[in-house]
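See below for the structure under consideration.
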Amino acid sequence: MSKDTIIVPVVQATIQRSEYVTISDSFPKHELPILELIHGEDNVVVVDDDYFAFELPNNATQELQRLYTKYSDKYRSVVDQVFPRGARDVASELKMDLGKDTFVKQSEAVIESRLPPRPTAATSLSRPAHEDDADDDQPELTHAELREELTRLGIEHKGNAPKAELQALYDAAQAGAGTLGG
């Protein structure tokens, strides 16, 4: 029986884009050859090779699709050059199962396995609010769900606003709805 997830090491690296521009960011270790082909081997320097790690689904086909999405059509040939046999090379490199193409958007691909699944915004808002259980059993909405709900309610907000700011707007809207009669 295979595991559902694998741990992927993440490195911190700098990328010298030009004489004046250097980018510092973290990347999954298996993406370094892609970055080296795009930016030049001498321009990619690993600063911390044990920066942290995260969980991914144990599905090489899905990971290959994530790479294609991340690097877009512009660099698809580079991804294919690093992994010429496609998902088989990804599976070999990361010790993953080959898997099926069950790709979900990149933000949903990382698994938070220690947290219980969050209810959707629609189910959390369909429950009638009572004064005596105001914050006791209310599930916390995700950043994306907060943006969606604020848009649905017609409340203006910045697209790149932090979650705390969106939560404050949402809470104010919920409080205002209760005091204005609906």
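The values are calculated or read from the model by the stated rules, or taken from the named source; none is laboratory data. Nothing here was measured: the structure is a model prediction, and the numbers come from that model. Neighbour counts are summed over all protein chains in view; Cβ atoms, including those assigned to glycine, are modelled from backbone coordinates with ideal geometry.
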Task: Candidates Arg66, Arg88 - the one that is of a type in the set (Lys, Arg) and either assigned to a loop (DSSP other than H, G, I, E, B) or surrounded by fewer than 16 Cβ atoms within 10 Å (Cβ to Cβ) (or both) - done: Arg88
Open item on the list: Given the options Asp73, Asp132, Asp171, name the one that is modelled with pLDDT under 80, of a type in the set (D, E, K, R) and exposed (fewer than 15 other Cβ atoms within 10 Å of the Cβ).
Closed with: Asp132
- [ ] Spot the failing condition for Gln12; the list is (1) touching a residue at least 24 places away in the same chain (Cβ under 8 Å); (2) assigned to a helix (DSSP H, G or I), and only one is missed.
- [x] (2)
